[in-house]
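Take a look at the structure below.
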Amino acid sequence: MTADDLAFLPLSEQTERIGRGELSPVELTEIYLERIARHGDALKAFITVLADDALAAAREAESEIRSGNRRSPLHGIPFAVKDQMLIAGVRVTGGSRSLADHVADRDATVVARLKEAGAVLLGTLNTHEFHMGPTRDFPFGTPRNPWNPERTTGGSSSGSAAAVAAGLCTFSLGGDTTGSIRGPAAYCGVVGLKATWSRVSRDGVFPLAWSLDCVGPLTRTALDAALVLRVLAGHDPHDPTSSSEPVPNYAGALTGDLEGITIGVVEEMMTPPHTGTEARTAVEGALEVLRGLGAEVRGVRLPLMDASKYITSPLVLPDAVGFHRPWLLERYDAYDVNTRVRLMVGAALPAGMAAQAERARITVTREVLEVLEGVDVLVGAAAGEGAPPLSYSRRVTTKEEAVHGLFGAGAVAGHHSRSASLAGLPALSVPCGFDADGLPLGMHVAGRYFDEANVLRVADAYERTRGGSNWPQIE
Amino acid sequence: MQDVTAEQVERILAAQGYAVPEEDLVEITARLNAQLEGSAALDRTAAAEAEPWHALFPFGATRDR
């Protein structure tokens, strides 16, 4: 097996090889650092690479494992985190010029938990500025899709998805407010999981909107996501919103069979204008596979789903400007144009509209929960098409332009992921095929509160039938 | 519904201490008016009839699993 083959192995296989002494954490870390050096500049996936620290951590992991002290399945496994999560002594920018020299004085809880589990931190990953998107001018370069560098990665966890797809790390962490893990995962052909809101601590993570923000893993397989989530999940005294719900052995639920599982296929996630023929066909193919594994598949409707596009901005923007206010007053010009104008919209929105949006959120949530009383998971396309071409947004000067961009027929970004976010449900995107241009397509699976196990079970069962993985050839 | 003007938006922002350049103000005003137009769509979700409980389960008796 070549070094490049090892780089693309799932976490579950790497950890088995490490356990058997067939793969060294130092060797694996060196492979990724070499690949980052080779491809990093073209893809702009990383912001900061911690080569020396990573090699030191890998040597320590190797020594501990050799002496019989194996901390977890993640021990010796290289990972990277969205440049949104604090790392002690490391520059963490939020993808913003305004924090270009900000060095964190502590680890975010999720970073600390992964280090404690023995995982090897390679560095920080590129992101849309402060996780809002779309960023007009990326201070650390525009992230590019490994499947085609002229296509977008999606956002805001752009580097997190690109790095896993390109074989620059085994897994990554991203942040998801209304789809920022699942969208990039779909466009880049990796698994991206947002757990139940409150399942994973947000301590030490730059916020966007506190009642929606989630941290989660991007991985090569659902089993890998299960292994990482097991380490991340659980109450954190530093995050009072984190849940005390017991953390199950997610990987143990991945049996490959779907007997007794009922899947609701969401019509609003499968039809125009939000979903194209290729994305629909790919998901329908996956559903046939799931049916063959014993799942009952039936159609369901979420008529309020499209209304979510009117709800998220009045919820998110006022919340975000509350966090950014001190920095905006101090260094407004250091923010990207797209970020700062949207934050100012949040500052000017009437408070009554935010309250109205919160109530509308309840009606959307109630609709989703009622449908979930009759099915175990909700499935649909994770995005309406393969990754679109990179585009560089320009100034909006009229209300009509803004209405078209926010609510018009072409405003499909986020449609497939927002309802699960508004309801706080666990959800993931799993690759389910390719379009005619060879770009990945994703299937979205959402479940009941704290039922990540069934969400992962469905994705894993599908993956088992899919055979060997296909990864991009990077020039 | 009536749109807000750039001058009105500038005053609202200035009252909070924000001084934004003219080019930004045009875009902020356009985007704000678009959002305000979207509030009519929120009405169609019957938001006013929603019970005033928080959507997120750790904060009340609405936890539903």
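Observations, loosely collected:
- Exposure proxy ranking, count of Cβ atoms within 10 Å, fewest first, for A:Tyr332, B:Tyr18: A:Tyr332, B:Tyr18
- Among the residues of A:377-387, the average count of other protein chain beta-carbon atoms within 10 Å of the residue beta-carbon is 0.
- Partner shielding of A:333-343 amounts to 3, given as the average count of beta-carbon atoms from other chains within 10 Å of each residue beta-carbon.
- When both bridge partners sit in the protein assembly as shown, DSSP labels roughly 65% of those beta bridges antiparallel.
- Per-residue Cβ neighbour rank within 10 angstrom, fewest leading, A:Glu267, B:Glu22: B:Glu22, A:Glu267
- Solution diffusion estimate, µm²/s, Stokes-Einstein, the range A:421-475, Kirkwood Rh from C-alpha pairs, 4 °C, viscosity 1.567 mPa s: 102
- Rg/Rh ratio calculated on Cα atoms of chain A (Kirkwood radius): 0.94
- For A:Val297, the residues whose amide H sits under 5 Å from its own are A:Ile263, ignoring neighbours fewer than 5 places away on the same chain, with H placed 1.01 Å from N.
- Which of A:Ser160, A:Ser469 has the fewest Cβ neighbours within 10 Å, and the rest in rising order: A:Ser469, A:Ser160
- Straight Cα distances below 17 angstrom link A:Lys194 to the lysines A:Lys82, with same-chain residues fewer than 8 positions distant left out.
- Cβ crowding within 10 Å averaged over residues, with A:316-322, A:257-263 ranked highest first: A:316-322, A:257-263
- 10 Å Cβ neighbours from other chains, averaged over peptide A:223-235: 0
- Scalar couplings 3J(HN,Hα) for the range B:22-30, obtained by applying the Karplus form with A = 6.51, B = -1.76, C = 1.60 to θ = phi - 60°, are 3, 4, 5, 4, 4, 6, 4, 5, 4 Hz; x denotes Gly and Pro.
- Spatially, the range A:423-469 and the range A:1-41 are offset by 24 Å when compared through their Cα centroids.
- Cross-link partners for A:Lys399 among the aspartates and glutamates, with Cα-Cα distance under 13 Å and sequence neighbours closer than 8 places in the same chain left out: B:Asp3, B:Glu27, B:Glu37.
Readers should treat all values here as calculations from the given coordinates under stated rules, not as data from a laboratory. In this text, all values refer to a predicted model and were calculated from it rather than measured experimentally. A quick note on method: Cβ atoms are made from the backbone with ideal geometry, for glycine too, and the neighbour counts reach across all protein chains shown.
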